[in-house]
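The values are calculated or read from the model by the stated rules, or taken from the named source; none is laboratory data. Computed from a predicted structure; not experimentally measured. Cβ atoms come from the backbone with ideal geometry, glycine included; neighbour counts cover every protein chain shown. When the accessible area is computed, the model is the full protein with side chains, heavy atoms only, and any ligands, DNA or RNA have been set aside. Shrake-Rupley method; radii C 1.70, N 1.55, O 1.52, S 1.80 Å.
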Amino acid sequence: MAEPRIYLDHAATTPVDPRVVEAMLPYFNQRFGNPSSIHRWGQQAEAAVERARLLLAEGLNCRPDEIIFTGCGSESDNLAVRGAALAARRKTGGNHVLVSAVEHHAVLNTALALADEHGFEAQLIPPDEFGQITAEAVAPLLRPDTAVVSVMTANNEIGTINPISEIGALCRQKGIIFHTDAVQAGAHLRLDTQSLNVDLLSLGAHKFYGPKGVGALYVRDGTQLVPTLTGGSQEAGLRAGTHNVPLIVGMAEAYRLALDERPLHNQRAEMLRDHLLRQVPDSIPDAQITGHPNLRLPNHASFVFHGVDGNQLLVALDVAGFACSSGSACKTGDPEPSDVLAAIGLSREWALGSLRITVGRDTSEEDIARLMDQLPGLIQRLRTAESLQA
Ligand SMILES: *Cc1c(COP(=O)(O)O)cnc(C)c1O
């Protein structure tokens, strides 16, 4: 009997919804115009981009001209953090960049590049044991020369949700620009740019059943940014380059569907997640949940197992038919424990044995039951092999 193939890595990426594919298709070869052209081909494409912008703005509770389309979530993060830091320094001389220690590399490495290449002082905000960045942790670090603050809405590795509107209120009080990376949260959480008190918010379509290679950045009216991609005057001069019309159309449609169907999907996902959060520590010795026990993404379960090689576990799971992750898709093959797990205080022996299980719209109770049939035995086998080698 062929093994089932069960995909449980929806935090890494999701399949494109067939309805989104349908919406995109005409824009590849029928309505293929360049939105910047004067003629009717151009007008047709421009209308599609502006419709997409309107749709996304409705979902994020902002004005359409506050949405900038980009090439991915990482690019949105780059434009936000680098663009805001450079613009703020030009305006006020501010030289301090404050980002959380558990950010995705798209934010973290941008902050480090600002320090290395532009002489900024980059400082990391420490998380608590659940990987949460509290307003209390941010408040004492805000300074008169702080150019930009970046704290992610929800963490991709451990699922923890941060109190963004509280942190945003603190920054606003001091007149400091506040960015949140909402790429991982996009599918699951209500992102109201007004109640979140954010100036900048990043999204990436492929995390919510949209296509890869397209993202968006919310830029609150009046927020100054220096563009990272210079050239033509597309996207209010903030992102040069001919619009990727089909992908932009697809992103907006995917976000609309995600919003419409969110209550249904979240409820189902939470049930499966809670099942995993209960069963894994119950059925496997020396196992811990990572991230917050309940303030976490509805589809996200993450664990560490003492004395297990996380990469070997992923390979063994793959052979058994299950696609999971150790946390960040970008870190596969890296023998070092993840920055996030180190930042929440886990020792190497724990942090190397990490597992992230993220369910999706099509995940069934049976899929989770099959995983739970296999996981305890696989871990036991890996631990035995390890101790035989030692
Ligand atoms: C996936 C992800 C990104 C990167 O988005 P891409 O569209 O893949 O570049 C950034 N931040 C977080 C939190 C993510 O989960």
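So the values come out like this:
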quantity	calculated
Residue in region 121-132 that is in contact with a strand residue (DSSP E or B) (Cβ under 7 Å, 6 or more places away or on another chain) and part of a helix (DSSP H, G or I) present	no
Residues that are crowded, with 17+ Cβ neighbours inside 10 Å, touching a helix residue (DSSP H, G or I) at 6+ places or on another chain (Cβ under 8 Å) and part of a helix (DSSP H, G or I), drawn from region 266-288	Leu272, Leu276, Gln279, Val280
Of residues in region 8-43 being touching a Pro at 6+ places or on another chain (Cβ under 8 Å) and within 16 Å of the ligand (Cβ to nearest atom), the one least open to solvent (accessible area, probe 1.4 Å)	Val20
Number of the exception - Ala84 against (1) outside any helix (DSSP H, G or I); (2) touching a Leu at 6+ places or on another chain (Cβ under 8 Å); (3) of a type in the set (A, V, I, L, M, F, W, C)	(1)
Selected residue (only one of His206, His188 is in contact (Cβ under 8 Å) with a residue 60 or more places away in the chain and either surrounded by fewer than 17 Cβ atoms within 10 Å (Cβ to Cβ) or part of a loop (DSSP other than H, G, I, E, B) (or both))	His188
Exclusive hit being under 30 Å from Lys212 (Cβ atoms), crowded, with 20+ Cβ neighbours inside 10 Å, within 16 Å of the ligand (Cβ to nearest atom) and in contact (Cβ under 8 Å) with a residue 24 or more places away in the chain, set Gly131, Gly168	Gly131
Test: residue in region 105-119 that is touching a helix residue (DSSP H, G or I) at 6+ places or on another chain (Cβ under 7 Å), part of a strand (DSSP E or B) and within 16 Å of the ligand (Cβ to nearest atom)	no
Residue match in region 93-102 (condition: surrounded by fewer than 16 Cβ atoms within 10 Å (Cβ to Cβ) and not polar (S, T, N, Q))	yes
Residues satisfying the stated conditions in region 16-25, i.e. in contact (Cβ under 8 Å) with a residue 60 or more places away in the chain and either more than 30 Å from the chain's Cα centre (by Cα) or assigned to a helix (DSSP H, G or I) (or both)	Arg19, Val20, Val21, Ala23, Met24
Residue match in region 231-240 (condition: polar (S, T, N, Q), within 27 Å of His292 (Cβ to Cβ) and either out of contact with any Leu (no Cβ under 6 Å at 6 or more places or on another chain) or within 15 Å of the ligand (Cβ to nearest atom) (or both))	no
Unique match (being touching a Gly at 6+ places or on another chain (Cβ under 9 Å), more than 29 Å from Ala169 (Cα to Cα) and touching a residue at least 24 places away in the same chain (Cβ under 8 Å)) among Val249, Val304	Val304
Leu200 being over 13 Å from the mean Cα position of the chain (by Cα) and either without any contact (Cβ under 8 Å) to a residue 60 or more places away in the chain or away from the ligand (no atom under 16 Å from the Cβ) (or both)	no
Hits in region 209-238 (condition: farther than 15 Å from Ala52 by Cα and either buried (at least 24 other Cβ atoms within 10 Å of the Cβ) or among the small types (Gly, Ala, Ser) (or both))	Tyr209, Gly213, Val219, Gly222, Leu225, Gly231, Gly232, Ser233, Ala236, Gly237
Glu46 modelled with pLDDT of 95 or more and loosely packed, with under 14 Cβ neighbours inside 10 Å	no
Members of region 162-185 found to be assigned to a loop (DSSP other than H, G, I, E, B) and among the hydrophobic types (A, V, I, L, M, F, W, C), listed by number	Ile176, Ala182, Val183, Ala185
Top-ranked residue of region 332-390 - restricted to ones that are free of Cβ contacts under 8 Å to residues at least 40 places away in the same chain, in contact with a Leu (Cβ under 9 Å, 6 or more places away or on another chain) and surrounded by 13 or more Cβ atoms within 10 Å (Cβ to Cβ), ranked as nearest to Asn311 (Cα to Cα)	Thr332
Number of positions in region 140-161 that are open to solvent by less than 40 Å² (accessible area, probe 1.4 Å), free of Cβ contacts under 8 Å to residues at least 60 places away in the same chain and either of a type in the set (Gly, Ala, Ser) or not in a helix (DSSP H, G or I) (or both)	6
